[in-house]
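First the structure, in the form of structure tokens, and then the observations on it.
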Amino acid sequence: MIVTQKRNRKIIWRIKIGTCVLIFVILIGGCAKKPENTNLTAGMELVEQYDFQGAMEKFEQALLDKEDMELSYRGQGIAYMGLGNYADAETAFLNAIKFAGDRLTALEYDINYYLASAYMKQKKYAQAEEIYSAIITLKKKEKEAYYLRACAILRQNRYDEAIADFEKAFALDSGNLELVTDAYVEMQAAGFGEQGKTYVQAFLDKNKKLKDGEKGILYYYLEDYQNAQICLDNSIKGNDPKLSMILGQTYEKLGDMNYAAMVYQTYLDNNEPDAALYNSLGICLMNQQKYEEAAATFEKGIAMGSSAYLQELRFNQIVAKEYMGNFSEAKTMIQEYLKTYPDDEKAKKENEFLKTR
């Protein structure tokens, strides 16, 4: 079922832009009730492991076997998203919607969020905006839709309209620190960083009972790195990956790469492996021209297998190999990388560069 403003009740992934991939996984239990959906269930299990190529094969078989068609096309779309193939993801999600029933359920909203994300990844911002608007028409208090529509509008350079939507999202969840900082990141990326800071500052001023760690995060986004360091140092216990990440980045901004690396390494030495922190540590080591250590660090993150950072880790490892002067290995790795992520424009440019080496 498609929900648009023009055709009521017939379109509605959010991948958080610039950072990591966010997946709305299928309700496996719902599929398990149908024993014939064997490939569909197996495919979603592979999605949860970030094995998108393996998942694709399962979803293709599910479609051939005529398992649940809506869910199979949905799964195929998610796998395409994970592989960076957004045009085919769009097609898959549209096919999933064709197999929706007459009732608009949570599943249809979910698929349409994914479809809008595929549009966003292709810079089809007007189409994404239309989907978010349709959701808002049906769900007046859908915070996520207001936030994401603001992002789509912002990319169309309609700043005032975007701000109005951001403010509606803030009003629906006034104590949500992550929502405000995410909005700031979006505004900064669109060239409105200074305006974005006003919302971060207002959140800091309004919420008087924030913990030191929360204050530290806000100071970081306000680019007040001295106060960010003080607050984060006061709060960090070495077992919070998000605070460790922000503290490490704060020290990087302050130019203390050695201490930043120590923050990342301390967390990794004392906690479960974390792909995001392996990635940040590797980048930090690269910035110190410690390319062999960086490559080894990226490898540790890659070895985790199931990670939303797997693509970034693999690419960064290739760059580290290049800086090490190991062009032969880097060439082989970029070819393998492009088999998995064929639409990565940055990787294509890296491949062309390596061909000259």
Cross-link candidates for Lys331: which aspartates and glutamates have Cα within less than 14 Å, leaving aside residues fewer than 8 places away along the same chain?
Glu322, Glu350, Glu352
What is the gain in length, in nm to one decimal, between Glu161 and Leu254 on full extension, counting 0.36 nm per residue of separation less the C-alpha to C-alpha distance?
30.0 nm
Express in Å², to the nearest 10, the accessible area of Lys98 obtained by rolling a 1.4 Å probe over the protein heavy atoms while all chains stay in place.
150
Listed pairs Lys141/Lys237; Lys290/Lys348; Lys124/Lys206 exceeding 30 Å between Cα atoms:
Lys141/Lys237; Lys124/Lys206
Shape call, segment 118-252: gyration tensor on alpha carbons, a/c limit 1.5:
prolate
What does the helix-only formula give at 222 nm for the chain: each DSSP H stretch with n ≥ 4 adding -39500 (n - 2.57), the total divided by the residues, and the result rounded to the nearest 500 deg cm²/dmol?
-22000 deg cm²/dmol
What do you get for trypsin sites (Lys or Arg not before Pro) in segment 138-191 restricted to DSSP loop and a cutoff of at most 11 other Cβ within 10 Å of the site's Cβ?
Lys140, Lys141
Could you tell me whether segment 240-335 comes out rounded, prolate or oblate from its Cα gyration tensor? Rule is a ≥ b ≥ c as square roots of the eigenvalues, rounded for a/c under 1.5, then prolate if a/b exceeds b/c, otherwise oblate.
oblate
Quick note, the chain: a/c under 1.5 would make it rounded; otherwise a/b > b/c is prolate and the rest oblate (a ≥ b ≥ c, C-alpha gyration tensor); here it is oblate
Under a straight-distance cross-link criterion of Cα-Cα below 24 Å, which lysines are reachable from Lys58, leaving out those fewer than 8 residues away in the same chain?
Lys33, Lys34, Lys66, Lys98, Lys339
Flagged links, alpha-carbon separation over 30 Å, of Lys139/Lys346; Lys139/Lys253; Lys168/Lys242
Lys139/Lys346; Lys139/Lys253
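The values are calculated or read from the model by the stated rules, or taken from the named source; none is laboratory data. Quick caveat: nothing in here was measured; it's all calculated off a predicted structure. Cβ coordinates were reconstructed from backbone atoms using ideal geometry, including for glycine residues, and neighbour counts include every protein chain displayed. When the accessible area is computed, the model is the full protein with side chains, heavy atoms only, and any ligands, DNA or RNA have been set aside. Shrake-Rupley method; radii C 1.70, N 1.55, O 1.52, S 1.80 Å.
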